[in-house]
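Colleague: Before I ask anything, here is the structure I am working with.
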Amino acid sequence: MAPTSTTTAIPNNSIESLISSRASNRSFKHFAANTSDGAPKNFKPHPKPLALSFGRPNAQFFPVKKITVQVDEFPFQDSIFKNEEIDEVKEIVIERLPEEDEYSLGASEAFQYGDVKGLPAFQKFLRSFVERIHTPAYEDWAVHASNGAGEGLNKVVDALIDPGDIVLIEEFTFSPFGNNVRNVGGVIVPTKIKFEKNIKGDISADVDVDYLANLLENWDEVRPEHKGNKPKAFYTIPTSQNPTGFTQTPETRRRIYELASIHNFVIIEDDPYGYLTLPSFAEPSLENLKDHDLTVDDYINHSLLPSYLKYDTEGRVVRVETFSKVFAPGLRLGFLVGHKKIIDVITKYSSIVTRSPSGAAQLLLLNIIEQKYGGIDGWLAWILKMRLAYAHRRNVLISSIVNSEAYEKEYIKIISCDAGMFASLLVNFPEGTDNISKLTLLNYKLLQHGVAVVLGYKMAIDEKFSEASSNFLRLSYACLDSDVELREAGTRLAAAVKEFFENGLEY
C-alpha cells in the first residue's frame, strides 16, 4: 500500500539536486551584453542610452502594418451549433503599434527579436492564466513559453535527466516522449496501469498506485538491474491519457505526489487534453447538448481536475501545456510551469537552441484572446464551447459502437472516454490469447473494412511487460469532418470486429 503520510520521508534535497548536471553547468553569454563588473569607481550609466550595439531592425522595416482576422463564435459553427445565434462578425485588428491594454501586443514587438521565455505581454497572460486555473502550492514558480508541448518536453528532459537516470513512464503512453529520454541517455522503466470492470460493465482504468508504491519501496529487489539507482522522474498524462483515454482521480494524483516527495523524484505532467473534460456519455442529441453547458466558475470549481501543481509544495512538478488542442497545432505554441530554478536552466537552454517562440504565433493568439474573448474568462468560455463539440462527437462515435452486435456480444468494451479526444476499446480476446499477434491480424480486418485505429501494443513502453494488457484499440473522435463520417467509422469498426470474432479470430 502507498504511504498515507510523509512523516517517514527521506530528507528533501534542494531543487538544484533535481537538475541535470548538463543543465546546471550550462552558461550563456551574449557579445552585446554590458555589465558593471570592473567599472571605474565613479561610473554611472547614461539613463537613456542610444543603442548601436544590437542588430535589431527598426519596426518601420517590417512590411506588415496591420493584420485583420475573423473568428468563429463556435467550433463546428455550421453544423453542431448551426442553430445558435451568431453575433455580427467582429474583425480582430492587429496594429503595428497597439493601444495600451492588459495584454497589448503589436506587430512592432511581436515581429522583433523577443525574450526567450516569451514576449512580456504573453508571459503576463500565461502567469495570470495559471493563477486562475492551477496555482502552484508554493510561491517561487515561473512560466516559460515553448514551441508546443513536444519541444517543451524535450527541454524539461534536458533540464532534469543525466545519462543513466531512470524515468518512470505509464506502460502505455505518448511514445515519442521516449525519444527525448533516450536522447539524453536516460533509462525508461514502465509502471502499471490498472484496468477494472466498472458498474456499467465497461472497463475503467487508472495508474496502479499500489504497484508504483511497491516498485519504489522495493526498488533494488524488483529492479535489480538498476540497483542503487532509483527513479529521477515520473512522466504522466493525467487527463485523457494517451492512448488509453483514462483520467486519473484526484486521489491518484495526491498519492503519486506523496510518493514523489518520499522518494525524491520529479513529476513531469504532460496535460494537452486537461481542459477538455467531458460530461458522461449519452446518446447524441444536438437539441439537448446545451444542457451540459457550464459557467466558467462551475467549470473551474467542479469540472476541471486538479493539476499536480495544486499538490506541489516543494517545486518538484513541471507542467507542460500546449495550445495545440484548444487553438491550433500549427501555431507551435505552449508553455511550461515549474520552480523558478528549473525554469531558469530551461531558459539558458532556449537561449542556445530555439530562442523565443514565434512572435507571430504569440501575436495572433494573444490578440484574439484579448480582443475577441475579452481576456482569460472569455477564453475559457471558448474552451467550454469546444468541450460541448467534443462531447457530441464522442457521443456519435461511441453510440455507433455500443449499439452494434459486436458490443452486445461483448467482443469489445469501452475503456474510457470522459475527457479529451480519445476513447479506447478493449478487445475481449479469450484468456490465453496471444494479444499482439491477434491484434495485428484484427488490424488487417479493420483496414479491409475501411477504418484506421492505433493498436494498443504500439504505444507500449515495453511490449513484453505490457503484453497481457495490450488488447485495446485507440480511437480519436477529433479528426473526421462530420457526424456522418464518425458514425460510419464506428459502424465499420464494429462490423470488422464481429466478423473477426465469428471467424474464430482469423482474418
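Colleague: Enumerate the lysines that LYS82 could reach by cross-link, defined here as Cα to Cα under 27 Å, with residues fewer than 8 away along the same chain left out.
Modeller: Reachable lysines: LYS90, LYS290, LYS325, LYS372, LYS385.
Colleague: What ranking of THR313, THR239, THR68 emerges when the number of other C-beta atoms within 10 Å of each C-beta is taken as an exposure proxy, fewest first? The partial results should precede the final answer.
Modeller: Working: THR313 13, THR239 25, THR68 8.
Listed from fewest to most nearby Cβ atoms, that is THR68, THR313, THR239.
Colleague: List the residues whose amide H sits under 5 Å from the amide H of SER146, counting only those 5 or more places along or on another chain, with H placed 1.01 Å from N in the peptide plane.
Modeller: GLY334, PHE335, LEU336
Colleague: When DSSP assigns beta bridges and you keep just the ones with both residues in region 148-242, what percent turn out antiparallel, to the nearest 5?
Modeller: 40
Colleague: Also, I was wondering about something else. Along the charge dipole of the chain, which of PRO120, ILE80, ILE203 sits closest to the positive end, that is, farthest toward it, with unit charges on the beta carbon of Lys, Arg, Asp and Glu (+1, +1, -1, -1)?
Modeller: PRO120
Colleague: Can you check how the C-alpha radius of gyration of region 388-501 compares to 2.2 N^0.38 Å, as a plain ratio?
Modeller: Cα Rg divided by the expected 2.2 N^0.38 Å: 1.02.
Colleague: How far is the Cα center of region 25-73 from the Cα center of region 273-318, in Å?
Modeller: 41
Colleague: Now, a different point. Could you compute the FRET efficiency for PHE61 and VAL93, with r as their C-beta to C-beta distance and R0 at 25 Å, rounded to 0.05?
Modeller: Once the sixth-power term is evaluated, E becomes 0.70.
Colleague: Once amide H atoms are built 1.01 Å from N in the peptide plane, which residues 5 or more positions from GLU170, or in another chain, come under 5 Å H to H?
Modeller: THR191, TYR235
Colleague: Dipole of the chain (Lys/Arg Cβ +1, Asp/Glu Cβ -1, origin at the Cα centre): which of PRO63, TYR311, ASN147 lies farthest to the positive side?
Modeller: PRO63
Colleague: Sticking with this one: Nearest 20 debye, what's the magnitude of the dipole of region 388-501 about its Cα centre given +1 on Lys and Arg Cβ and -1 on Asp and Glu Cβ?
Modeller: Rounded to the nearest 20 debye, it is 100 debye.
Colleague: Further, regarding this structure: Going by C-beta contacts inside 10 Å, put MET421, MET386 in order with the fewest on the left.
Modeller: In increasing order of surrounding Cβ atoms, one gets MET386, MET421.
Colleague: Among LYS232/LYS348; LYS124/LYS232; LYS310/LYS413; LYS29/LYS155, which pairs are too far apart, with a Cα-Cα distance over 27 Å?
Modeller: Listed pairs above 27 Å: LYS124/LYS232; LYS310/LYS413.
Colleague: Loop-only check: which GluC sites (Glu not before Pro) in region 408-486 are DSSP coil with at most 14 other Cβ within 10 angstrom?
Modeller: Qualifying residues, ordered by number: GLU410, GLU431.
Colleague: Can you tell me the relative contact order of region 348-496? Whole percent, Cα pairs under 8 Å, sequence separation 6 or more.
Modeller: Result for region 348-496 is 27 percent.
Colleague: Which three extents, in angstrom, do the Cα atoms of the chain have along their principal axes, listed largest first?
Modeller: Principal extents (largest minus smallest coordinate, Cα): 89, 64, 39 Å.
Colleague: Please list, by residue number, every one of the trypsin sites (Lys or Arg not before Pro) in region 24-55 that is coil in DSSP and has at most 10 other beta-carbon atoms within 10 Å.
Modeller: Filter output for region 24-55: LYS29, LYS41.
Colleague: Of ALA389, PHE43, TYR273, which is farthest along the charge dipole of the chain in the positive direction, counting Lys and Arg as +1 and Asp and Glu as -1 at C-beta?
Modeller: Of ALA389, PHE43, TYR273, it is PHE43.
Colleague: In what sequence do TYR349, TYR275 fall when counting other Cβ within 10 Å, fewest first?
Modeller: Listing TYR349, TYR275 from fewest to most nearby Cβ atoms yields TYR349, TYR275.
Colleague: How far, in degrees from 0 to 90, does helix 250-263 lean away from the longest principal axis of the Cα atoms of the chain, to the nearest 10?
Modeller: Roughly 60 degrees, rounded to the nearest 10.
Colleague: What aspartates and glutamates does LYS464 reach when the alpha-carbon gap must be under 17 Å and sequence neighbours fewer than 8 apart in one chain are set aside?
Modeller: GLU170, GLU171, GLU225, GLU431, ASP434
Colleague: Amide H to amide H, which residues 5 or more places from TRP141 or on other chains are under 5 Å from it, using H placed in the peptide plane?
Modeller: LYS340
Here, each number is a calculation from the coordinates, and none is a lab measurement. Predicted model only: the values in this text are computed from it and were never measured. Cβ: placed from backbone, ideal geometry, glycine included. Neighbour counts: every protein chain shown.
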